[in-house]
1. If you scan the range 107-131, which residues turn out to be buried (at least 21 other Cβ atoms within 10 Å of the Cβ) and either free of Cβ contacts under 8 Å to residues at least 40 places away in the same chain or β-branched (Val, Ile, Thr) (or both)?
2. Restricting attention to the range 72-95, does a residue exist that is in contact with a Ser or Thr (Cβ under 7 Å, 6 or more places away or on another chain) and surrounded by 19 or more Cβ atoms within 10 Å (Cβ to Cβ)?
3. I'd like to check something: does the range 146-165 contain any residue that is of a type in the set (Asp, Glu), surrounded by fewer than 16 Cβ atoms within 10 Å (Cβ to Cβ), at pLDDT 95 or above and within 30 Å of Gly13 (Cβ to Cβ)?
4. Considering only residues of the range 28-55 that are basic (Lys, Arg) and either modelled with pLDDT of 75 or more or surrounded by 12 or more Cβ atoms within 10 Å (Cβ to Cβ) (or both), which is nearest to Asp159 (Cα to Cα)?
5. Is it true that Asn65 is without any contact (Cβ under 8 Å) to a residue 40 or more places away in the chain and on the phi < 0 side of the Ramachandran plot?
6. Please verify whether Leu120 is under 20 Å from Met168 (Cα atoms) and part of a helix (DSSP H, G or I), treating the condition exactly as stated.
7. In the range 3-26, which residue that is assigned to a helix (DSSP H, G or I) and touching a residue at least 60 places away in the same chain (Cβ under 8 Å) is surrounded by the most Cβ atoms within 10 Å (Cβ to Cβ)?
8. If I filter the range 1-27 down to residues being modelled with pLDDT of 95 or more and in contact with a helix residue (DSSP H, G or I) (Cβ under 6 Å, 6 or more places away or on another chain), which single residue comes out as nearest to Met168 (Cα to Cα)?
Amino acid sequence: MIAQEGRPTDTVGRLEKEIRTYDFLDGIGVSYYRIDHDPAMKMEACAEIDKALGATICKNLFLCNRPKTHFYLLMMCADKHFATRPVSDQVGSSRLCFADPEYLEAFLDLTPGSVSVLGLMNDKENRVQLLVDEDILKGEYFGCHPCINTTSLRIKTKDLTEKIFPAMCHAPKLVHLD
């Protein structure tokens, strides 16, 4: 796996939502490195990608409360375990659970296995609250998918907080995860 700077020159066979992600990042002046790879459906598959990118790959979970009236995208360090109670308590919501894939597609234009903070660019109605593990912001770089799980990106964390979050109009709520 070789990291390449910026968007692919050949877009044949790439999904429109992936190209839209590159357009978004380029449009707000965010530089990034990209690695194309086999589908990464599990965090174990991301470990090799993590090393090649030189960035910490985030675990991204799409969650909702029990009545399915509030939705959340949780960015967390891949080496941490998700427990519903601590996160539920911090956001003041009823016990959280994984949201159904149809909400993921309807709100963020994503499918399971490709969940990414960059999907929030598609949430124009702000139906999804962004939750960020405070430890994510401690690293120089973070890694994520460009809305498809056959490519991973390395982006400066500073660009995430100063350019990406404001451009998506999604202010993060920081959460503490042990």
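The values are calculated or read from the model by the stated rules, or taken from the named source; none is laboratory data. Remember, predicted model here, so these are calculated numbers, not experimental data. Here the Cβ positions follow ideal geometry from the backbone for every residue, glycine too, while neighbour counts run over all protein chains shown.
1. Taking the range 107-131 first, the residues buried (at least 21 other Cβ atoms within 10 Å of the Cβ) are 107-108, 110, 114-121, 128, 131.
Within the range 107-131, Phe107, Ser114, Val115, Val117, Val128 meet the criteria.
2. The answer is no; no qualifying residue exists.
3. no
4. Just the residues of the range 28-55 that are basic (Lys, Arg), to begin with: 34, 42, 51.
With the extra rule that they be either modelled with pLDDT of 75 or more or surrounded by 12 or more Cβ atoms within 10 Å (Cβ to Cβ) (or both), the set shrinks to 34, 51.
On the way: Arg34: 16, Lys51: 21 Å.
So the residue we want is Arg34.
5. Values: without any contact (Cβ under 8 Å) to a residue 40 or more places away in the chain: yes; on the phi < 0 side of the Ramachandran plot: yes.
It is true that Asn65 is without any contact (Cβ under 8 Å) to a residue 40 or more places away in the chain and on the phi < 0 side of the Ramachandran plot.
6. Numbers: under 20 Å from Met168 (Cα atoms): yes; part of a helix (DSSP H, G or I): yes.
Yes.
7. So the first thing to find is which residues in the range 3-26 are assigned to a helix (DSSP H, G or I), and the list is 16-26.
Filter once more, keeping what is touching a residue at least 60 places away in the same chain (Cβ under 8 Å): 17-18, 20-22, 24-25.
Numbers: Lys17: 19, Glu18: 20, Arg20: 16, Thr21: 25, Tyr22: 22, Phe24: 18, Leu25: 23.
Only one residue tops the list, namely Thr21.
8. Filtering first and then ranking leaves Phe24.
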